[in-house]
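Only one structure is covered here, and it is reproduced in the block below.
Just so it is clear, none of the values below were taken in a lab; they were calculated from the coordinates. Note that the structure is a prediction, hence the values are computed from the model and not measured. As a convention, Cβ positions derive from the backbone with ideal geometry for all residues, glycine included, and neighbour counts pool all protein chains shown.
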Amino acid sequence: MSHDASSSPHSLLSPPSPAPSVDALRAAFAGRLLTAEADTAPFTLDWRKRWPGRAWAVAQPESVDDVARVVRWCAAHGVPIVPQGGNTGMSGGSVPDDSGRALVLSLTRLNRIRAIDDINNTITVDAGCVLQTIQEAASAADRLFPLSLAAQGSCTIGGNLATNAGGVQVIRYGNARELCLGVEVVTAAGEIWNGLRGLRKDNTGYDLRDLFVGSEGTLGIITGAVLKLYPKPRSRQTAFVAVASPAEALALLNAARGQLDANLTAFELISDVCVDLVLRHNPDCRRPLATPAPWYVLMETSDGRPAEASRESIEAVLESVLEQGLVLDAALAANLSQANDFWQIRERISEAQAAEGKNIKHDISVPISRIADFIEQTQAELLAAHPGIRMVVFGHLGDGNLHYNVSPPAGADAGGGEAFLARQDAINRLAHDAVHRFDGSISAEHGLGVLRRDESARYKSPVELAMMRAVKQALDPQGLMNPGKVLPPVGDPGRAQQPVGEPG
């Protein structure tokens, strides 16, 4: 697929002259350099298969010094750089455009656990470390690194930080930003900034760490990080609860927070539409509760107390809300196997929706107190404008983040699916205008990338966009760092670039 030329990530750059030499770059650093199309192909297609691109080459440095050498060479020759971790992003931010001019800089070979400090409760890692590897290293030290998401077996911590990833435990521990104390960065000039400070307090000026966390590789390349660790929980309790509406789910959240406090580590909202999809496409899954309900909450606690005390606490909450009529039914997992079965319902929603056919995804957030009204009002507007569509709504209710997805009418054939995707712009506009009215964000945890880059201009003020562009100009004056991502073109009124529709 060719990108729209008017929104091409590199359309504002002058072509390098003379043409850079692959052999010259190969001699400039000690890592691997891939140039054959068969070798570069896995690095040029995003995980959702929506933005196929081409790369001039793919560099795989072996060290931070290698990264700096590659960046300096690219800066000298005007070669755009697309930093890439595990390439599991959802918004097209980690792949090049189709011009064939960009170098993909893959950090997967920078994968060391550098140090664990069990007194300071920190772990220092290379950016290419797989998230699950960090979790396991922390566990081996009798600690917890709480960032947890579906792609943890293949995503890397550098990518997690570059996109400020969230996941299922944000309600207790915060996003990736809150879990990071310091970063090491290779700047757009190829200099190395060592900001690997394991400090909880450092009040010495601008927080440069926070400039790079969440910047999606557009300001520099994160090559290392100091991350927070926590005591490993001794017990975990998981409940699957039926509720009549999102309003009752919020009442349950309020009651659970009041009684469980920080021990509440996950609180996921799931519609019955989602459960039906999972059961239809996963015969090995079963319904956690005998009687279907319109909505469900998957809630989990974890703490350092013995399992019996932990279980008594969540049982007290469930008994209280059942007596008050705030919930319809509840099941508390009797063991780890049953808890995992509950989580399978949540974790298989996306793949079940993909198996069902093409769909339109929204990763949005609104203030927690307004979620019930948002769901009710926005669904009514969407159904009125697009009769028959199915709302596939789930997400992290505890931190205000919903995966607010739309599927075509049940039974739509391939032609119907294509007709549905033709309404993508209109559906996106309606959903995101509603998010804006509710003081929310059109990207809660997946980043803007290319997917939401142009739309962001509609919802950000001119002052905000000007400040963002000033930061970009100051740190990347040549515009070579992941060009075409995050920042919409100057003067763009918010026209959304739409890629080919993907089945999922």
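Pull out a ≥ b ≥ c, the square roots of the eigenvalues of the alpha-carbon gyration tensor of the stretch 235-351, then state rounded if a/c is under 1.5, prolate if not and a/b is larger than b/c, and oblate in the remaining case. It comes out oblate by the Cα gyration axes.
How many angstrom separate the Cα center of the stretch 327-400 from the Cα center of the stretch 241-264? For the stretch 327-400 versus the stretch 241-264, the Cα centre distance is 16 Å.
The ranking of Arg143, Arg305 from fewest to most other beta carbons within 10 Å of each one's beta carbon is Arg305, Arg143.
The phi-based Karplus calculation (6.51 cos²θ - 1.76 cosθ + 1.60; θ = phi - 60°) puts the 3J(HN,Hα) values of the stretch 307-323 at 4, 5, 5, 5, 5, 4, 5, 6, 4, 4, 5, 5, 4, 5, 6, 5, 5 Hz, whole numbers, x for Gly and Pro.
Taking the square roots of 5 times each eigenvalue of the Cα gyration tensor of the chain, largest first, gives ellipsoid semi-axes of 38, 29, 20 Å. For the residue pairs Lys228/Lys472; Lys49/Lys460; Lys49/Lys358; Lys361/Lys472; Lys49/Lys228, alpha carbon separations beyond 22 Å are given by Lys228/Lys472; Lys49/Lys460; Lys361/Lys472; Lys49/Lys228. The label-point distance for His436 and Glu37, in a model that sets each label 7 Å from Cα toward Cβ, rounds to 4.1 nm. Computed over the chain, the per-residue total of -39500 (n - 2.57) for DSSP H runs of n ≥ 4 gives a 222 nm mean residue ellipticity of -9500 deg cm²/dmol, rounded to 500. Here the Karplus relation 6.51 cos²θ - 1.76 cosθ + 1.60, evaluated at θ = phi - 60°, turns the backbone of the stretch 28-34 into coupling constants of 8, 8, 8, x, 8, 10, 9 Hz, with x for every Gly and Pro. Going from the residue with the fewest nearby Cβ atoms within 10 Å to the one with the most, Leu475, Leu451 rank Leu475, Leu451.
Let me have the relative contact order for the chain, percent, based on Cα pairs under 8 Å that are six or more residues apart. It rounds to 16 percent for the chain. Specify whether the C-alpha gyration tensor of the stretch 49-114 places it in the rounded, prolate or oblate class, a ≥ b ≥ c being the square roots of the eigenvalues: rounded for a/c under 1.5, otherwise prolate if a/b is larger than b/c and oblate if not. Oblate is the answer for the stretch 49-114, as a/c is 1.5 or above yet b/c matches or exceeds a/b. Under the convention that each Lys and Arg Cβ holds +1 and each Asp and Glu Cβ holds -1, the size of the dipole of the stretch 375-454 around its Cα centre is about 80 debye. Reported to the nearest whole Å, the Cα centre-to-centre distance from the stretch 143-202 to the stretch 60-76 is 21. What does the charge count around Ala339 come to, taking other residues whose C-beta lies under 10 Å from its C-beta (Lys +1, Arg +1, Asp -1, Glu -1)? That works out to -1. Work through the residues other than Gly158 whose Cβ is under 13 Å from its Cβ and net out their charges, Lys, Arg +1 and Asp, Glu -1. Charge balance near Gly158 sits at -1.
Two numbers describe the Cα atoms of the stretch 357-446: Rg and Dmax, which are 12.8, 40 Å. Counting Lys and Arg as +1 and Asp and Glu as -1 over every other residue whose Cβ lies under 13 Å from the Cβ of Ile375, the net charge comes to -3.
Taking the charge dipole of the stretch 310-458 about its Cα centre, with +1 at Lys and Arg Cβ atoms and -1 at Asp and Glu Cβ atoms, the residue from Asn335, Ala385, Ser320 reaching farthest to the positive side is Ala385.
Panel order for Trp47, Trp295, by other beta carbons found within 10 Å of each beta carbon, from fewest to most: Trp47, Trp295.
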